[in-house]
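Colleague: Take a look at the following structure, please.
The values are calculated or read from the model by the stated rules, or taken from the named source; none is laboratory data. Because the structure is predicted, anything quoted here is derived from the model rather than measured. Here the Cβ positions follow ideal geometry from the backbone for every residue, glycine too, while neighbour counts run over all protein chains shown. We work out accessible area using only protein heavy atoms, side chains counted, and drop any ligands, DNA or RNA first. Shrake-Rupley method; radii C 1.70, N 1.55, O 1.52, S 1.80 Å.
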Amino acid sequence: MELQFNKSVCPCLRRVISQLQTQEQTQEIRVPDSMPDIGRVLGCWGQTLIRGKEWRGNGMNVSGGVMVWVLYQPEDGSEPRSIDSWIPFQEKWDFSDTQRDGTICVSALLKSVDARSISARKLMLRAVVDMLGQAFEPVDMEVYAPPAQMPEDIALLKETYPVQLPQEAGEKSFQMDEQISVPQSLPQIQKILRYELLPEITEQKILAGRLVFRGKALLHMLYRSDDGALNSWDTELPFSQFSDLDKEYGSNATAWILPLLTGLEAELGEDGKILIKVGITVQYVIYDRTMLELVEDAYSPFRQVDIQLAELDVPMLLDAQQEKIQYGAQIRGEYESVVDVFCQREHPACRQRGDAIQVELPAQYQVLCYDAGGALQCMNARSEEMRELISDRNNDAEVHLLNCGFPKASISADGIQIDDGVVMNLAVHSRRGLPMVTALNVGELQEADPNRPSLILRRAADARLWDLAKECGSTVEAIKKTNQLQQEPDADQLLLIPVC
């Protein structure tokens, strides 16, 4: 006789792909006729923007570009000049066909950017972008439960798992239009030479059917002041937004959030105020607790029971945590002052080492400074920070970097000291499937063997009560009652096992 289990669906998200790709783009630009010839390149900076995302069913596309600024010393010895340009890019990820359209989450970091002169009127620009692309597809996970009418002699091993499952993914896009001014205590702006913006989420909360978040856009500028000197300035633009969710959630729900910069413009108005236009997209994945009750095994002391098993692939989140990491670098030598510092980060490299994961956090720095002789220089440094995380090799560890401000550089006794920090966002996902009974083939009831013992004396060892009962033809309840047990026995405990 076949006992078919009842099938139900548990909706959640399946991560289709999570893959890092690196793209290098070059571009040749000419110096405008109104500007003098190039003497030497002093510095090169960039800002990555994501302009579009497209789901293709069997893959996805992401388009954007890098805003680039080049500061050069003219050949005629006049004051440094700045040129800006735009380097577009497009990246695609291929994956197997999906049943439904999903959601794309992308993180783009500017790995490196540089410029070199190929003539007195031409520059060659090069930008390398690290892009981590992730795709989430809504799926209906099939879960099996035993039928309501189950023969009394069949014992079922039921396990209940409280799991955090990804329930929905989405994004909220918004724009900020601001007018800001450099404080009167600082030199005033005569010309903007370059600017950079980092969106940062400072607070988030799920309120029933809404994801509410607050944050700030951290703005950094390098500019020439009225007296011709080069200066840098940092400020913050606060924001508060919410996104409507597909359903209402309780207190167990959590959100994974990744902000993305989609637009950035800054220009100096006639009144000396800076006009800022910012586009931000906040990407998110909502996780919520689900109780999964599965039948993992079955037997009967009185008949043959054959089990049909399946493995349930559960995209569960095991752990999520944040760690603020402070690190930096040093440039040795004699220097007079620091004008500006720029950081280029790479996505963390994760390597499994036994039961631990080594996370490498590489970063490169460009420091614009005056040397001991008063000449303007651009010096480079690199940091190779390392962290080790305990993680089972059957799990996937996913690391994202979240901004916590711009690096700072100062003159020290040995040269230039760079102080930096990031927030490392760690998520651990299980790769293990859960066993699940989908049907039973049950034989006819058999007469008990009159020669078998009614009691068996066994040492518990490492066996569970379920395994002992199944092996000896007893039940878990009978063993507990006979030995007055409330839980699993100690390994060296002797047990009396009544045989049914």
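Colleague: Candidates (i) 61, 60, 43; (ii) 110, 47, 41; (iii) 203, 67, 38; which is the computed Cα extents along the principal axes in Å?
Modeller: Recomputing Cα extents along the principal axes in Å here picks out (ii).
Colleague: Return the long-range amide H neighbours of L264 (sequence gap of 5 or more, or a different chain), with a cut-off of under 5 Å between placed amide H atoms.
Modeller: So L264 has HN proximity to G279.
Colleague: Among C105, Y370, P450, whose Cα lies farthest out toward the positive end of the dipole of the chain, if unit charges sit on the beta carbon of Lys, Arg (+1) and Asp, Glu (-1)?
Modeller: Result: Y370, furthest along the dipole toward the positive end.
Colleague: Right, here's the next one. Evaluate 2.2 N^0.38 Å with N set to the residue count of segment 408-500, then give the Cα radius of gyration divided by it.
Modeller: Ratio of Rg to 2.2 N^0.38 Å for segment 408-500: 2.33.
Colleague: Something else about it: In whole Hz, with x marking every Gly and Pro, tabulate ³J(HN,Hα) for segment 287-292 from phi via Karplus 6.51 cos²θ - 1.76 cosθ + 1.60, θ = phi - 60°.
Modeller: 10, 9, 6, 10, 8, 9
Colleague: Additional query: Working out 0.36 nm times the residue gap between D355 and K247, then minus their Cα-Cα distance, what length gain in nm do you get to one decimal? Show your work: numbers first, answer last.
Modeller: On the way: separation 108, 0.36 × 108 = 38.88 nm, distance 3.80 nm.
Extra length from D355 to K247 when fully extended: 35.1 nm.
Colleague: Taking 0.36 nm per residue of sequence separation and subtracting the Cα-Cα distance, how much length would be gained by fully extending the chain between D271 and D227, in nm to one decimal?
Modeller: Gain on extension, D271 to D227, equals 14.1 nm.
Colleague: At what distance in angstrom do the alpha carbon centres of segment 105-139 and segment 359-403 lie from each other?
Modeller: Measuring centre to centre over Cα atoms gives 17 Å.
Colleague: Given the C-alpha centroids of segment 254-330 and segment 1-63, what is the distance between them in whole angstrom?
Modeller: Spelled out, the Cα-based centre of one part sits 18 Å from the other.
Colleague: Ranking request for peptides 134-145, 150-161: highest mean number of other beta-carbon atoms within 10 Å first, then the rest in descending order. Don't skip to the answer; put the middle values down first.
Modeller: Values: 134-145: 18.5, 150-161: 14.0.
Order by mean packing, descending: 134-145, 150-161.
Colleague: Moving on to the next point. All other residues with a Cβ under 15 Å from the Cβ of G269 taken together, and with Lys, Arg as +1 and Asp, Glu as -1, what is their net charge?
Modeller: That sum, taken over residues with Cβ under 15 Å, equals -3.
Colleague: In deg cm²/dmol, rounded to 500, what helix-only [θ] at 222 nm does the chain give when every DSSP H run of at least 4 residues adds -39500 (n - 2.57) and the total is split over its residues? Can you show the working numbers first?
Modeller: Details: 2 runs with 16 residues, N = 500.
So the helix-based figure for the chain works out to -1000 deg cm²/dmol.
Colleague: OK, next. Net charge near L309: determine it from the other residues with C-beta under 9 Å of the C-beta of L309, scoring Lys and Arg +1 and Asp and Glu -1.
Modeller: Computed value for this residue: -3.
Colleague: To the nearest 10 square angstrom, what accessible area does D101 show with a 1.4 Å probe?
Modeller: 120 Å²
Colleague: Highest mean first, how do 248-256, 59-67 rank when packing is the count of other Cβ atoms within 10 Å averaged over residues? Don't skip to the end; give the middle numbers.
Modeller: On the way: 248-256: 15.1, 59-67: 19.7.
Descending packing order for the listed peptides: 59-67, 248-256.
Colleague: Residue by residue, what Karplus-based ³J(HN,Hα) values in Hz, rounded to whole numbers, does segment 55-69 have, using 6.51, -1.76 and 1.60 with θ = phi - 60° and x for Gly and Pro?
Modeller: 8, 10, x, 10, x, 8, 10, 10, 10, x, x, 10, 6, 10, 10
Colleague: Using mean Cβ contacts within 10 Å as the protection proxy, how do 371-383, 209-221 order, highest first? Could you put the intermediate results ahead of the total?
Modeller: Details: 371-383: 13.7, 209-221: 18.6.
Highest to lowest by the protection proxy: 209-221, 371-383.
Colleague: Mind putting a number on the dipole of segment 176-217 about its Cα centre? Charges go on the C-beta only, +1 for Lys and Arg and -1 for Asp and Glu, and I need it in Debye to the nearest 20.
Modeller: With only Lys, Arg, Asp and Glu charged at Cβ, the dipole is about 80 debye.
Colleague: Roughly how many percent of the accessible protein surface of segment 240-396 is carbon and sulfur, given a 1.4 Å probe and a whole-percent answer?
Modeller: Percent of accessible area from carbon and sulfur atoms in segment 240-396: 40.
Colleague: What does the charge count around P407 come to, taking other residues whose C-beta lies under 14 Å from its C-beta (Lys +1, Arg +1, Asp -1, Glu -1)?
Modeller: Computed value for this residue: -3.
Colleague: Of all DSSP beta bridges located in segment 397-465, what percent are antiparallel, nearest 5?
Modeller: 100 percent
Colleague: Stretch S181-E488 to full length: gain in nm at 0.36 nm per residue minus the Cα-Cα span? Could the numbers behind the result be given before it?
Modeller: Numbers: separation 307, 0.36 × 307 = 110.52 nm, distance 6.93 nm.
Difference between extended and current length: 103.6 nm.
Colleague: Could I ask something else about it? What distance in nm lies between label points placed 7 Å from Cα along the C-beta direction at S18 and N451?
Modeller: Each label point lies 7 Å from its Cα, and together they span 5.8 nm.
Colleague: Using a cut-off of 12 Å between alpha-carbon atoms, which aspartates and glutamates can reach K53, once sequence neighbours fewer than 8 places away in the same chain are excluded?
Modeller: Counting by Cα, and skipping residues close in sequence, K53 has these aspartates and glutamates nearby: E91, E171.
Colleague: Report the calculated FRET efficiency for D153 and D396 (r = Cβ-Cβ distance, R0 = 35 Å), to the nearest 0.05.
Modeller: 0.25
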